[in-house]
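Okay, structure first, notes after.
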Amino acid sequence: MFDPLLERLNRSIRARGGQPQVIPDGLEECVSKKGQSNIRSWLWKLPGFRRWRVTRLDAGQNLQVLNSVAYPDYINEQPLMGIDLLWFGKASKLVAILDFQPLLQDKDYFDRYLNGLKSLRMRFPELSNQEMMRSFDPNQYFSPWLLFCRGGAEQARGIVSEAFPAFLDCYWSLAEASLAKPSKMQPSEVKRLQIAYDQYSAERDPAHSLFTRYFGKEWSDRFLQEFLFPASSKQRFSSADEFYKNT
């Protein structure tokens, strides 16, 4: 279901200077014990972004997942980018979240960084589902104009053909525009807020139970703490600086 989107995403990252980074041993790929499900991840570093992770889960007709989060450099206060697409083939159900995830819930910040996303929301009204997300507070680390949908095959085809490429292009445009204007926040504050994002997300991410079901608790715990949200485990290090020196 999501292979064309995965290829487009990784290709666009490489085209902008993306360099593959080392993923903790054993976390780059995993096959379920029954051999019917596979999860694979990519980690990139590229100009303007200190970390950009991508994950693809293939569980056949049971479940297809594409997930990605982009972390800008600390000198850049622009929103993180979040992609979460899930397709339940047997039930023909789609859950889609595409968002520029703001570091601040602040009107001035929204005006600086979210106008493009706001325009996309108007362009794709089928992705303006008002149903509340079940695991997260939409007032923390989500924008007022996130693209969100619980739908079926028609919406899935729409995302594949139109919304996903437009969303990705919009974020690249935001990244380019951000280079031309200085951030209002200090790098230390951006860093603090990105760490807080990882901690918040690790505590609430519903994917952990899903990964545990397919790949076991031990592997899924490592995947959550060492790859998906590594800053959530910073207490294991003597300081945040030591932590990021090793990532």
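The values are calculated or read from the model by the stated rules, or taken from the named source; none is laboratory data. Every value quoted in this text rests on a predicted model; they were computed, and no experiment measured them. Glycine gets a Cβ as well: all are built from the backbone with ideal geometry, and neighbour counts include every protein chain shown.
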Limited to the range 56-88, what total is found for residues that are within 15 Å of L210 (Cβ to Cβ) and either touching a strand residue (DSSP E or B) at 6+ places or on another chain (Cβ under 9 Å) or among the polar types (S, T, N, Q) (or both)? 15
Of all the residues that make up the range 9-30, how many are surrounded by fewer than 16 Cβ atoms within 10 Å (Cβ to Cβ) and without any contact (Cβ under 8 Å) to a residue 60 or more places away in the chain? 11
Go through the range 56-72 and count every residue that is of a type outside the set (A, V, I, L, M, F, W, C) and in contact (Cβ under 8 Å) with a residue 60 or more places away in the chain. 4
Being under 30 Å from D108 (Cα atoms) and more than 14 Å from the chain's Cα centre (by Cα) is the filter here; which residues of the range 33-49 pass it? K45, L46, P47, G48
Under 7 Å between Cβ atoms, which residue pairs at least 6 apart in sequence (or on different chains) link something in the range 180-195 that is closer than 9 Å to I75 by Cα and in contact (Cβ under 8 Å) with a residue 60 or more places away in the chain with a partner that is hydrophobic (A, V, I, L, M, F, W, C) and surrounded by fewer than 17 Cβ atoms within 10 Å (Cβ to Cβ)? S183/I75; P187/I75
When the range 53-98 is examined, which residues are found to be of a type in the set (V, I, T), within 22 Å of S173 (Cα to Cα) and within 16 Å of the chain's Cα centre (by Cα)? V54, V69, I83, I97
Picking from K234, K245, the residue that is modelled with pLDDT under 80 and in contact with a Phe, Trp or Tyr (Cβ under 6 Å, 6 or more places away or on another chain) would be K234
Would you be able to tell me the number of residues in the range 109-129 that are part of a loop (DSSP other than H, G, I, E, B) and either under 17 Å from the mean Cα position of the chain (by Cα) or under 16 Å from V160 (Cα atoms) (or both)? 2
Residue identified as without any contact (Cβ under 8 Å) to a residue 60 or more places away in the chain, out of contact with any helix residue (DSSP H, G or I) (no Cβ under 9 Å at 6 or more places or on another chain), hydroxyl-bearing (S, T, Y) and assigned to a helix (DSSP H, G or I) among S209, S161, S173: S161
Can you tell me which of (1) modelled with pLDDT under 95; (2) touching a Lys or Arg at 6+ places or on another chain (Cβ under 6 Å); (3) crowded, with 16+ Cβ neighbours inside 10 Å; (4) assigned to a loop (DSSP other than H, G, I, E, B) is the one Q61 doesn't meet? (3)
Positions within the range 68-108 being part of a loop (DSSP other than H, G, I, E, B), closer than 27 Å to S37 by Cα and among the charged types (D, E, K, R), in sequence order: K90
